[in-house]
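The values are calculated or read from the model by the stated rules, or taken from the named source; none is laboratory data. Not measured: the values here are computed from a predicted model. So basically every Cβ, Gly included, is an ideal-geometry build from the backbone, and we count neighbours across all protein chains shown.
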Amino acid sequence: MTQMKRGKEIPPASGKLGILLPGIGAVATTCIAGVELVRRGLGVPVGSLTQLGTIRVGKGAAQRDARIRNFVPLAPLPDLVFGGWDPLPDDCYNATLKSGVLEGAHRDLVKDFLQKIRPMSAVFDPAYVPTLRGATNIKSAASKMDLAQCLIEDIEGFRSNSRLSRLVMIWCGSTEVWIERGAKAHQGIKEFETGLRANDPAIAPSMIYAYAALQCQVPFVNATPNLCSDIPALVELAESNEIPIAGKDLKTGQTLVKTVLAPGLTARLLGLRGWFSCNILGNRDGQVLDHPSTFKTKESVKLSVLDHILEPELYPELYGNFHHTVRINYYPPRGDNKESWDNIDLTGWLNYPMQIKVNFLCRDSILAAPLLLDLALFIDLAQRAEMKGIQDWLSFYFKDPMSPPTVQPENNLFVQLDRINKMLRFLMEEEEDDVKRMM
């Protein structure tokens, strides 16, 4: 068993860092293209904590603000190498064209770079993503264990061919159908491997990717709401192999707004009668979510956020009986430019009713892209610091943050950001007590 490294004990981020992305769709290609534009001095990494964020360091009169990228040893952008898998055969440039997120002026500036990134054949089963069409770039094998071995060969081949020093993997694939927790194959790594050999339906493709990554000593992040690396078997594997994991479901549009507004209600002790949320979007994500089983996976995550923030068990008279509804509608004309509406029925002094209405016209992949970059750099830092298992200090990035069984999940955006800052100061030996209690 290793002990977490701190300060000068943390190895420098030397050599190339490979970022493997299962699911090279709108979010992944927007991130990849954006990183290359920034590397060429043609873009600004807006929304990236690792690139633009600051942190307060020092004590007393010596306190100062430092750029996070200068304070902790993060991999520099020129050292990043991208690869991945997708059931559609398009290279990154054509995938970017189809997603329609980036304007032609941006796409064409990095066309040469994007065309060189072609997806490896994917582990994909339409039973888990029923509405996805055109999936032809797919692996075939006798068992899910064989598919896992194919992914392991892909990972090691990418590591060798790209001459990488380190690797991370971030699952960006489509939302999979609802899978109940508690299946036998989820309970431990032995049961999971038995399930792989038996093609157990409780093991989804995203879980196979997580298993392959952890077997290759590669940190894994789940950027979607799927039941995946949060099952006991894969948490056990991450712990035993001493690999960091994090997830799940990137906090981008409507849920980002909720985690900003809800803490304001609790800070002022204003009551809540109901929160109605509606979304329309027309990208591949919208198409996939236009199926009851995949929507259920997403809905369960989006509904959980308010309970964690409002804590109705502490404030039953304010939040003990509020109504929370979430709707997502597939509307192709909108493309990746998602629009959300929130109607919030709240109460003030003597329970007099009031309302807040929010109309957010956002760009889903534009909001998600910097989160992928940050997570790749932070989970690599965690690996070099020999941190293992669930990294709940990264909850800032997720709608449904993974946390150890003994730790209450945190969804308040401002508390989450404070936890990141505290962990970074702790790693650089600037802070002690608060982080030790948090771990």
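Looking at 337, 321, 351, 329, which is the one that is farther than 24 Å from residue 216 by Cβ and at pLDDT 95 or above?
None of the other options fit; the residue is 351.
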Check segment 110-122 and report whether any residue there is surrounded by fewer than 20 Cβ atoms within 10 Å (Cβ to Cβ), farther than 26 Å from residue 35 by Cβ, among the hydroxyl-bearing types (Ser, Thr, Tyr) and not assigned by TED's automatic domain parsing to the domain that holds residue 287.
no
Restricting attention to helices (runs of 4 or more DSSP H) lying wholly within segment 326-439, give those where 3 or more residues are surrounded by 19 or more Cβ atoms within 10 Å (Cβ to Cβ).
364-384, 413-427
By my count, helices (runs of 4 or more DSSP H) wholly in segment 185-292 with at least 1 residues that are in contact with a strand residue (DSSP E or B) (Cβ under 9 Å, 6 or more places away or on another chain) are 205-215, 232-240, 254-268, 284-289
Residue, surrounded by the fewest Cβ atoms within 10 Å (Cβ to Cβ), within segment 28-60, restricted to residues that are among the β-branched types (Val, Ile, Thr) and either outside the structural domain of residue 118 (by TED's automatic domain parsing) or in a strand (DSSP E or B) (or both):
54
From (1) outside the structural domain of residue 397 (by TED's automatic domain parsing); (2) over 21 Å from residue 374 (Cα atoms); (3) surrounded by fewer than 16 Cβ atoms within 10 Å (Cβ to Cβ); (4) out of contact with any Ser or Thr (no Cβ under 9 Å at 6 or more places or on another chain), pick out the condition that doesn't hold for residue 240.
(1)
What's the number of the only condition in (1) at pLDDT 95 or above; (2) assigned to a loop (DSSP other than H, G, I, E, B); (3) closer than 22 Å to residue 127 by Cα that residue 178 fails to meet?
(1)
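Any residue in segment 77-97 that is out of contact with any His (no Cβ under 8 Å at 6 or more places or on another chain), surrounded by fewer than 13 Cβ atoms within 10 Å (Cβ to Cβ) and in contact (Cβ under 8 Å) with a residue 12 or more places away in the chain?
Yes.
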Given (1) surrounded by 13 or more Cβ atoms within 10 Å (Cβ to Cβ); (2) modelled with pLDDT of 95 or more, index of the condition residue 131 fails:
(2)
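Can you go through 202, 212, 238 and tell me which one is in contact (Cβ under 8 Å) with a residue 60 or more places away in the chain and more than 15 Å from residue 150 (Cβ to Cβ)?
None of the others qualify; the one that does is 238.
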Need the failing condition index for residue 273 against (1) out of contact with any helix residue (DSSP H, G or I) (no Cβ under 7 Å at 6 or more places or on another chain); (2) farther than 27 Å from residue 210 by Cβ; (3) at pLDDT below 95, just the number.
(3)
